[in-house]
Amino acid sequence: MKFVFAIVPSVIILLVALIAVAPWGAPDGARFVMPLLPYMAAHLFLMRGVGVVPSPVLFGVGVFMDLATNGPLGFWALIYLGAALVVRHLPGEMVRGVMGRLGGLGAMVLVLIVFQIALASLYKFEWVDWQGVIAGTSIAGVPVLLLDLLWRPGRRERQLNVTNRGAEHARRFG
Amino acid sequence: MAGVQHDSYQRGAMRRAPQSVSALHFFLMFLAAGLLILARVEHPASVAIATAARGFIAPVVSLVADIARPVRQVVHNAARYLTVESELQRLERELATLQNLLERASTLEARNAELARLARLVGEAPVDAVTVAVVAGRQGLFSQSVTVGAGRDQGLRYGQPVFSGDGLFGRIVRAGETTAQVLMLSDNSSRIAVEVGERQTPALVVGDDTARPRLVYLKAGSNVAEGAKVVTSGASGSFPRGILVGHLAAESDVVRVVPLSSLVAGRYLTVMKHEVPAPPGAEQDKMPERGQSRERARAAETNPEASSRRMGVSP
């Protein structure tokens, strides 16, 4: 059971990454949204403290996105890991209840926007399309918002919240 | 103690335990930053790793693309049904114009053939072309390129022009063994020497990450009208002369080119196996092997591959 608990988030993040790189025939603006979807899946697990999101998985998926989107190696990996670092350091009070988690989501979107604009502008030595980044990242946050509102904690999650096992697992595997 | 924690949950207290961040996380961040710096300085190791890794993941990405194809087709068809009425009217107008042009073209073609015969003009050799599948599209902030599922093994080389539909799409900037990266016209590092209008005024098409690249270095006072044809000049040797790029469009104080090719990559692109002169000091694996493509073209003339087709490059 512990093994399943540890591996399910990683499998879901990998599946979302594969879905994100597929050519769906989406409008041009979707190119700002799709590479963020794997991190959005990771964010749900990070915020809920359910399951384990290992850093190597975030790194691997980031490099995969770099390769699949013809970007420079390390760009998405650094964005994902940087955002995860911030989310893991959010104060516990901030993610209490729905409003707190919405605040966490807002903070994450802001961090992603700043990271993307700063890193890409530094990389290119010119300002990138910041309007596209802001719109794309905000749109990418919508599925997280909806899932978070619809997510009802299961028995396992309730147990974890009670006994604080999530922290143990995170310390052991995270 | 357990009772206190249970009580804490019942009151809706903290539902997420603080998570520790391991040293591994910081190590991976430094590793990612290092990779990014190496990519920025275009270190040969970084380029080699990226090219090899793209070849490695290409089958996976291609498989995902195949799975997504029916959905893509449904979206495409739905979009077409929404615009079918206006599209029909546009096609009827175009048909009327084209019928007039067809008559003129046949007269001009006959005259051209007669003049070529009188001048003993040697015709341009046809260039080999191959159709390749797009395995990874444009996404993210570094998105003005696509990956195709063919590389050096299929005869693709640095600099070869790539077409989508009827017009120029971009050129190959990196060729791995089984995949190649195509830089689009719209990328801000793309520069293409062109000629504009009937007077063949020289200029440069410069990408700026928009769907309509800019036209620069157009001679002041040049008498070119909006809608004038923009074709490659062949001045740099990277492209054959006369490939249609698009039409001129004025946009406030900037002159732009409306590409004939849709810059949203479809499922397939066509690569013209044009021999590109290698710049001095260029890397061997990125540059074309001189003489080889000519030999291949000769071989293809006698025994054309099933996937290749002939393509005239005359204007």
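The values are calculated or read from the model by the stated rules, or taken from the named source; none is laboratory data. Values in this document were obtained by computation on a predicted structure and should not be read as measured data. Every residue, glycine among them, receives a Cβ derived from its backbone with ideal geometry; neighbour counts consider all protein chains shown.
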### Message
If a residue must be within 24 Å of the chain's Cα centre (by Cα), surrounded by fewer than 13 Cβ atoms within 10 Å (Cβ to Cβ) and either aliphatic (A, V, I, L, M) or at positive phi (or both), how many such residues does segment B:31-47 contain?
### Response
2
### Message
Of the residues B:Val162, B:Val148, B:Val173, B:Val134, only one is of a type in the set (A, V, I, L, M, F, W, C), closer than 19 Å to A:Pro23 by Cβ and surrounded by fewer than 23 Cβ atoms within 10 Å (Cβ to Cβ); which?
### Response
B:Val134
### Query
Are there any pairs, at least 6 apart or on different chains, whose C-beta atoms fall under 7 Å, with the first in segment A:104-130 and of a type in the set (Phe, Trp, Tyr) and the second not in a helix (DSSP H, G or I), and if so, which?
A:Tyr123/A:Pro72
### Message
Looking at segment A:21-51 only, could you name the residues that are of a type in the set (A, V, I, L, M, F, W, C), buried (at least 21 other Cβ atoms within 10 Å of the Cβ) and at the interface with chain B (Cβ under 8 Å from one of its Cβ atoms)?
### Response
A:Val21, A:Ala22, A:Phe32, A:Met34, A:Leu46, A:Met47
### Query
How many of the residues making up segment A:59-69 are touching a residue at least 40 places away in the same chain (Cβ under 8 Å) and more than 7 Å from chain B (Cβ to nearest Cβ)?
2
#### Entry: Residue selected from segment B:14-30 under the condition within 7 Å of chain A (Cβ to nearest Cβ) and surrounded by fewer than 19 Cβ atoms within 10 Å (Cβ to Cβ), by the criterion modelled with the lowest pLDDT
B:Pro18
#### Entry: Count of residues meeting criterion [within 17 Å of B:Leu141 (Cβ to Cβ), surrounded by fewer than 24 Cβ atoms within 10 Å (Cβ to Cβ) and in contact with a Ser or Thr (Cβ under 6 Å, 6 or more places away or on another chain)] in segment A:52-72
0
#### Entry: Meets criteria (closer than 29 Å to A:Gly100 by Cβ, surrounded by 24 or more Cβ atoms within 10 Å (Cβ to Cβ) and away from every other protein chain (no Cβ under 11 Å)) for A:Ile13
yes
### Query
How many residues are modelled with pLDDT under 90, buried (at least 24 other Cβ atoms within 10 Å of the Cβ) and within 7 Å of chain B (Cβ to nearest Cβ) if we restrict to segment A:74-90?
0
### Query
Inside segment B:54-80, can you point out the residues that are facing chain A (nearest Cβ under 7 Å) and buried (at least 17 other Cβ atoms within 10 Å of the Cβ)?
B:Arg54, B:Ile57, B:Val61, B:Val64, B:Ala65, B:Ala68, B:Arg72
### Summary
The condition of being in contact (Cβ under 8 Å) with a residue 60 or more places away in the chain, surrounded by 10 or more Cβ atoms within 10 Å (Cβ to Cβ) and of a type outside the set (Phe, Trp, Tyr) holds, among B:Asp153, B:Asp128, only for B:Asp128
